[in-house]
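Written below as structure tokens is the structure these notes are about.
None of the figures in this text is laboratory data; all of them are computed from the coordinates on show. Since this is a predicted model, take the numbers as computed values, not measurements. Because the Cβ atoms are built from the backbone with ideal geometry, glycine has one as well, and the counts that use them run over all protein chains shown.
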Amino acid sequence: MLLCLPGMVRAQGQAAPVTVPAGFTLPEGAGDRIYPQLGDAGLDVLHYDLSLTSDPRVDELSGRAVLTVTALRELAQVNLDFEGLTVTGAKIDGTPARHAQVGTKLLLRPARPVPAGATFTVTVAYRGTPPLHLDPADGLRLGWITQAGGSYVLSEPDGSHTFFPCNDVPADGATYSVHLDVPEGFVGVAGGVPGDPVTAGGRTRASFELPFEIPTYAMTVHVGRLQVVPRPGFAGVTVRDVFPRDVDDAVRSSFGSPARMLEVLSGWFGPFPYPLYGVAVVNDPQIPALETATLSTFPARAQGERVAAHEMAHQWFGDSVRLADWSDVWLNEGFATYAEQLYLEAQGEDPGALPARWYSSLRNAPARGLVARSAPQLFDTSSYLRGALALHALRGAVGDGVFREVLRTYVTRFTGRAVRTADLLDVVRDVAGQAGTDAVTPWVVGPDLPPLPPAS
Ligand code: ARG
Ligand code: ZN
């Protein structure tokens, strides 16, 4: 029997009435300040084991996801984010579980409630055509995308649940194993350390291990006529880039030297968080770059070294140190943007130029404090440029030595953990004292634009 509820579930911008099958209840969402309906506060996903079978010549995907989850409270129902694909079977701890897909949620009923503190597995088999999921703020297509003979994912902030069932909030970091099964002649690459691919029966299978906790949107997959190109690494970090075979040389060579970039940025932030890194180029010149863990995603466009440095910096700030709430996204974008300055300075460029440009952009935009209040603010000028200038102001006030110590303390304290703005302010106070706090606070609190800090 289908029970029609008077309430509605909001499915990413469009309000559609939903029916909740008898025996299931409509979940609350984890209560993120920008995306309150995403996730479930009762779940801590530890690991996703994803097997994805795809053929980029047809827009279809079949998958099997095994989630290892700790219950943070007693769970009569397990609620995951999942949109568009059809679930063909679900188990909890190996036993078939009743399930229902309601709006953008997959609801599962364990045979008996999972006690608080218990760790259990959820296995979901699914297939279908990944849905069209647009970022409501800017219309960007998110999730699993098949085009131009290839498939890729672009998930920030909430596209991941178009290709695997997940707790789609940045606060819940998890480790990953990904197994890709693609037609022979295609190459599948996911984030993480690759095993050896095996081709048999017209299919190529390859596995990838990512034993570091990352947010869901930082998980990446690319399938296509791809080429994996080794590059010189730095300090034990292996570098490989992934290009569509037919990509322009101008694009291939636009990312600068990853070894030099790793050297400069690790000089400020401490050791690179992963054993490997690289860029993956997507056959679309329009998409934004995205800091997918161990393998940043870029459009097929020569964007240059600044963007390359930006995405590399996100591996520390966003992927390794992740957000507790989307409203604090400036902690990702401000740090990554400031890394552009740190890199260009190290390459001998005028240290005053970029901050002056940032400042004049900010004067032409509405001023706001750094904590975002709405989805359109997440990736706006303030998140990026005001965020970067907050760090520039701190550096100017306390000097390079103390600034470096702030960055490293923040990274060390919060690697593998979720941060809020208050956590950064605690580090600033602990390491840089009152002078540091006084320099950074007016930028954080706002709304007025403080004066441009002097060049350091
Ligand atoms: N974090 C990406 C960057 O490197 C930007 C992602 C933009 N996402 C979006 N839905 N508009 O700056
Ligand atoms: Zn960024």
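Summary of values
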read-out	value
Calculated Rg and Dmax of the chain using C-alpha coordinates, Å	22.1, 70
Full-extension gain in nm, THR129 to THR412, via 0.36 nm per residue minus C-alpha separation	97.8 nm
Cβ-defined net charge surrounding ARG306, 11 Å radius [Lys, Arg +1; Asp, Glu -1]	-4
Once the Cα gyration tensor of segment 169-281 is diagonalised, semi-axes √(5λ) in Å	25, 20, 12
Rounded FRET efficiency, nearest 0.05, which uses the C-beta distance separating GLN227 from VAL445 and R0 of 56 Å	0.70
Using θ = phi - 60° and Karplus 6.51 cos²θ - 1.76 cosθ + 1.60, couplings along segment 265-275 (whole Hz; Gly, Pro as x)	6, 5, x, 8, 9, x, x, 4, x, 10, x
Segment 323-445: translational diffusion in µm²/s, Stokes-Einstein, Kirkwood Rh over Cα pairs, 20 °C, 1.002 mPa s	147
Karplus 3J(HN,Hα) series, Hz, for segment 418-431 with 6.51 cos²θ - 1.76 cosθ + 1.60 (x for Gly, Pro)	9, 10, 10, 4, 4, 5, 5, 4, 5, 5, 4, 5, 5, 9
Residue-averaged [θ]222 nm for the chain, counting only DSSP H segments that reach four residues, each worth -39500 (n - 2.57)	-8000 deg cm²/dmol
Relative contact order %, the chain, counting alpha carbon pairs below 8 Å whose residues are six or more apart	11
Two-site FRET efficiency, ARG306 against ALA118, from Cβ-Cβ distance with R₀ of 45 Å, rounded to 0.05	0.45
Paramagnetic label zone (point 7 Å from Cα along Cα-to-C-beta, HIS47; backbone N under 11 Å) in segment 68-100	68-69
Contour minus Cα-Cα distance for ASP249 and ARG57 (0.36 nm per residue)	66.6 nm
Amide H contacts under 5 Å for LEU75, placed H, 5+ residues apart	VAL114, ALA116
Loop GluC sites (Glu not before Pro), segment 175-258, which have at most 14 other Cβ atoms in a 10 Å radius of their Cβ (DSSP)	GLU184
Stretch gain in nm, segment ASP196-GLN147, where the contour uses 0.36 nm per residue and the Cα spacing is subtracted	15.0 nm
